[in-house]
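Heads up, the thing below is written out as structure tokens.
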Amino acid sequence: MRLFDDRDFRVLEATEPTPPASATQPQPQAPHGLPIATASATQPSQDSECTTALASPSEGRSTGIAAHLKFTYEISALYLGWLVFGSICLTASFVAGFLRYVLPRKFGNRFGQRMITMGFKVFMLYLAITGLVKCDVSALDELKHEKGLILAPNHPSLIDAVLVISRLPRVTCIMKAVLWDNIVLGGGSRLAGFVRNDSQPNMVRASVAALRDGGQLLMFPEGTRTVEQPINPLKGAIALISNKSQAPVQTIFIESNTEFLGKRWPTLKKPTFPLHYRVTLGKRFDPPGNDDEDGKILSNKVFVAELDAYFRSSLTSIVAIGPRAPPTSLSNKSTNSPPSHLAQ
């Protein structure tokens with residue numbers, strides 16, 4: 001007697017539940033046996049999209065507030081800096097106006113020069129503390145104890161004299177007559193024995209006397225701030241003064257990443273901060289009227305031509321590197337040759 005028929009097994013097989021297709025099909029494999037990510041794993045969830053959408057405006061507002069605060073700080077520090085500089089110069093001018101009639105001339109000149117140096121140092125300290133300016137003028141320290149030397153920098157901006165005098169306390173400066181007569185700058189300038197430039201015979205005479213007295217003479221051979229790049233045509237007065245005093249001429253290069261306070265810069269225009277300045281020493285020229293390397297007497301005219309050519313070739317090298325980029329290396333010091341980047 002048969003308990004089960006083949007037909008019974010066929011009925012059982014037909015009534016067994018069929019597993020879903022996803023369970024029976026193997027999961028696709030990527031190379032090296034790694035599973036391929038499915039669409040649900042790669043697509044971001046709705047919650048994450050909402051979070052990103054909410055975070056973006058907040059970040060934008062934070063950036064805008066930071067930029068506004070930065071602008072407000074810089075413009076406030078800039079105009080406060082003008083006030084600090086004016087206050088320093090005006091105070092020195094009133095003090096010097098009294099001392100000029102009390103102190104002996106030579107002692108008064110030296111006292112006035114040191115007073116101006118200290119005032120400019122305070123102003124430079126303010127610029128450094130506020131972060132408006134980053135500069136290196138340490139190369140000038142090598143000249144601090146030298147006597148009877150003409151300092152001849154290029155003249156890109158109004159701050160050039162401040163950069164030089166803030167490091168050298170024994171400097172007589174040739175300046176425009178309108179500044180010499182100014183109530184803010186005039187008193188200190190007259191006490192320090194600074195030379196006005198409205199009369200060339202008097203200018204030459206006073207400059208030669210200052211050099212023979214062992215001082216240093218700061219004069220910008222262009223005669224005014226640079227307008228023609230890389231440098232304005234040089235004036236002949238520097239050769240005349242060097243010849244009569246037999247004082248050598250030390251060239252100085254002032255580099256910057258900005259045209260702020262240049263000849264064509266609007267007075268109230270805000271620059272991009274921080275401003276970078278670097279001062280380096282170039283070649284030192286023997287005074288004209290002496291034998292050169294070939295045994296020839298160097299005339300004033302030839303002296304100016306050689307000085308002009310040297311400035312142009314050196315400053316053109318700076319332009320080729322990119323004069324508006326912030327200086328990256330601020331440690332070059334040399335009194336006998338231009339900085340390495342100028343000699344290229």
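The values are calculated or read from the model by the stated rules, or taken from the named source; none is laboratory data. Quantities reported herein were computed from a predicted structural model and do not represent experimental measurements. Reconstructed Cβ throughout: ideal geometry from the backbone, glycine too, with neighbour counts over all protein chains shown. In case anyone asks, the SASA skips ligands and DNA or RNA and just uses the protein heavy atoms, side chains included. Shrake-Rupley method; radii C 1.70, N 1.55, O 1.52, S 1.80 Å.
A few remarks follow.
- On the beta carbon distance between Leu103 and Thr63, with R0 = 45 Å, the FRET formula returns roughly 0.20.
- Each Lys or Arg adds one and each Asp or Glu takes one away; over the other residues whose Cβ falls under 12 Å from the Cβ of Lys176, this sums to 0.
- Residue-level accessible surface for Ile159, protein heavy atoms, 1.4 Å, Å²: 20 Å²
- Using a cut-off of 32 Å between Cα atoms, the listed pairs Lys70/Lys235; Lys144/Lys176; Lys176/Lys270 include Lys70/Lys235 as exceeding that distance.
- For Cys135, the accessible area of its heavy atoms, probed at 1.4 Å with every protein chain present, is near 50 square angstrom.
- Carbon/sulfur fraction of accessible area - the stretch 103-153, other protein chains in place, 1.4 Å, %: 63 percent
- Scaled radius of gyration (Cα, divided by 2.2 N^0.38 Å) that the stretch 95-213 gives: 1.07
- A 1.4 Å probe, protein heavy atoms only, puts the accessible area of Ile165 near 10 Å².
- Net lengthening on full extension, Val227/Val122 (0.36 nm per residue, minus Cα-Cα): 34.8 nm
- Within the stretch 231-274, the trypsin sites (Lys or Arg not before Pro) that combine a DSSP coil assignment with at most 12 other C-beta atoms in a 10 angstrom radius are Arg264, Lys269.
- Gyration tensor over alpha-carbon atoms, the stretch 109-157, equivalent ellipsoid semi-axes in Å: 22, 16, 11
- A 1.4 Å probe run over the stretch 76-170, with the rest of the protein chains in place, finds 49 Å² accessible per residue.
- Accessible area expressed per residue, the stretch 178-223, with surrounding protein chains retained (probe 1.4 Å, Å²): 42 Å²
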